[in-house]
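The values are calculated or read from the model by the stated rules, or taken from the named source; none is laboratory data. Model, not experiment: these values are computed from the prediction. Quick reminder, even Gly has a Cβ in these numbers, built from the backbone with ideal geometry, and neighbours come from all protein chains shown.
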Amino acid sequence: MSFWTADDGTQINYEEYGSRSNRDALLLLPGLLGSLSSQWRAFTQPLAAEFRLVIMDLRGHGRSDNQSHALTPERMMQDISGLLEYLGITSINIAGYDMGGYLGLLLAVNQPLLVRSLLMQGTKFYWKAEAVHKMRQQLDPESMAVNVPTYADQLVQEHGARNWRVLVRQAADLIGMISQEGLTEAVAARASCPVVISLGDRDEMVPLPEAQRLSRILPKGQLLVLPGVRHSFQSIRPIPLLPFMQYFHKTA
């Protein structure tokens, strides 16, 4: 466990595996309300054998704090690029789950020379008003504590008893912000690196037609559908995603 300090004093928790010499770098990003303690762990050891591997907690998540008291895509993207600069990484492959995939795409658009390849697993790009309203209703900490206590307990364990409610409210505001001011198709189409849109065939949050549409507007977009996988990261098994990642990020 290591920390890098952003320019606003926020401490970003990260871990690094594998050799730094003569290896491509790969960054694994967790999703919204996720953390490196619960996501990508089964992938860490085999990927570290082939890549210089970096994983991190997003701002306000896990062991990373948040001195800005809000979550914005631009600030979170700056955290990623700042950490990579600190580590001396000038070319990176990225695999991001959920919001991690969105942040990877945002970075690919804004710093095309930095991002070599991108895999977006279970990332929702299109936010219609109905979907935003539904998500805001779900992201109410008081309701979560009553209706989904097991999940609320998980958030306590991952983000802390004092922080998880604040984080959930910030996550709801972040989704609203993305729906109003986030990436458009025209801007996303500026991503010049190979991008794989990956999702489970049972994903209850991201409809397959949405994933297909996004993959087709990206210049080097591809679509990967994982059988028997829902939106939850816990439903993902290393096979077949892991060997695909090993091939894709090596050959992109």
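A quick yes/no check of all residues on (1) closer than 20 Å to Met245 by Cβ; (2) touching a residue at least 60 places away in the same chain (Cβ under 8 Å):
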| site | (1), (2) |
| --- | --- |
| Phe43 | yes, yes |
| Leu47 | yes, yes |
| Phe51 | yes, yes |
| Ser68 | no, yes |
| Met77 | no, no |
| Leu83 | no, yes |
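Please specify each residue of region 1-20 satisfying the condition of being among the hydroxyl-bearing types (Ser, Thr, Tyr) and closer than 22 Å to Leu118 by Cα.
Tyr14, Tyr17, Ser19
Considering (1) modelled with pLDDT of 95 or more; (2) in a loop (DSSP other than H, G, I, E, B), say which one Gln45 fails and leave the rest.
The failed condition is (2).
Among residues belonging to region 198-214 that are more than 30 Å from Gln157 (Cα to Cα) and touching a residue at least 40 places away in the same chain (Cβ under 8 Å), point out the one that is surrounded by the fewest Cβ atoms within 10 Å (Cβ to Cβ).
Arg213
Taking the residues in region 50-71 that are farther than 19 Å from Gly104 by Cβ, modelled with pLDDT of 95 or more and not charged (D, E, K, R) as candidates, determine which candidate is surrounded by the fewest Cβ atoms within 10 Å (Cβ to Cβ).
Filtering region 50-71 for residues that are farther than 19 Å from Gly104 by Cβ, modelled with pLDDT of 95 or more and not charged (D, E, K, R), the one surrounded by the fewest Cβ atoms within 10 Å (Cβ to Cβ) comes out as Gln67.
Can you run down the residue pairs with Cβ atoms below 6 Å, 6 or more apart or on separate chains, where the first is in region 1-22 and surrounded by fewer than 18 Cβ atoms within 10 Å (Cβ to Cβ) and the partner is modelled with pLDDT under 95 and not basic (Lys, Arg)?
Sorted first by the residue in region 1-22, then by its partner, the pairs are Asp8/Ser68.
For region 183-231, which positions are basic (Lys, Arg) and not in a helix (DSSP H, G or I)?
Arg190, Arg202, Lys220, Arg230
Across region 167-176, what is the number of residues that are in contact (Cβ under 8 Å) with a residue 60 or more places away in the chain and either of a type outside the set (A, V, I, L, M) or surrounded by fewer than 18 Cβ atoms within 10 Å (Cβ to Cβ) (or both)?
Number of matching residues: 2.
Looking only at region 78-129, count how many residues are part of a loop (DSSP other than H, G, I, E, B) and within 13 Å of the chain's Cα centre (by Cα).
Here the count works out to 5.
Mind telling me which of the residues Arg230, Arg213 ends up being among the charged types (D, E, K, R), touching a strand residue (DSSP E or B) at 6+ places or on another chain (Cβ under 7 Å) and within 22 Å of Lys128 (Cα to Cα)?
Arg230
Taking region 23-38 as the search range and keeping residues that are of a type in the set (A, V, I, L, M) and touching a residue at least 40 places away in the same chain (Cβ under 8 Å), which one is nearest to Gly88 (Cα to Cα)?
Ala25
Could you check how many residues of region 140-165 are more than 20 Å from Ala70 (Cα to Cα) and either in contact with a Gly (Cβ under 8 Å, 6 or more places away or on another chain) or free of Cβ contacts under 8 Å to residues at least 60 places away in the same chain (or both)?
So the answer is 12.
Are there any pairs, at least 6 apart or on different chains, whose C-beta atoms fall under 6 Å, with the first in region 215-237 and in contact (Cβ under 8 Å) with a residue 40 or more places away in the chain and the second among the aromatic types (Phe, Trp, Tyr), and if so, which?
Close Cβ pairs (under 6 Å, with a partner that is among the aromatic types (Phe, Trp, Tyr)) amount to Phe233/Tyr97.
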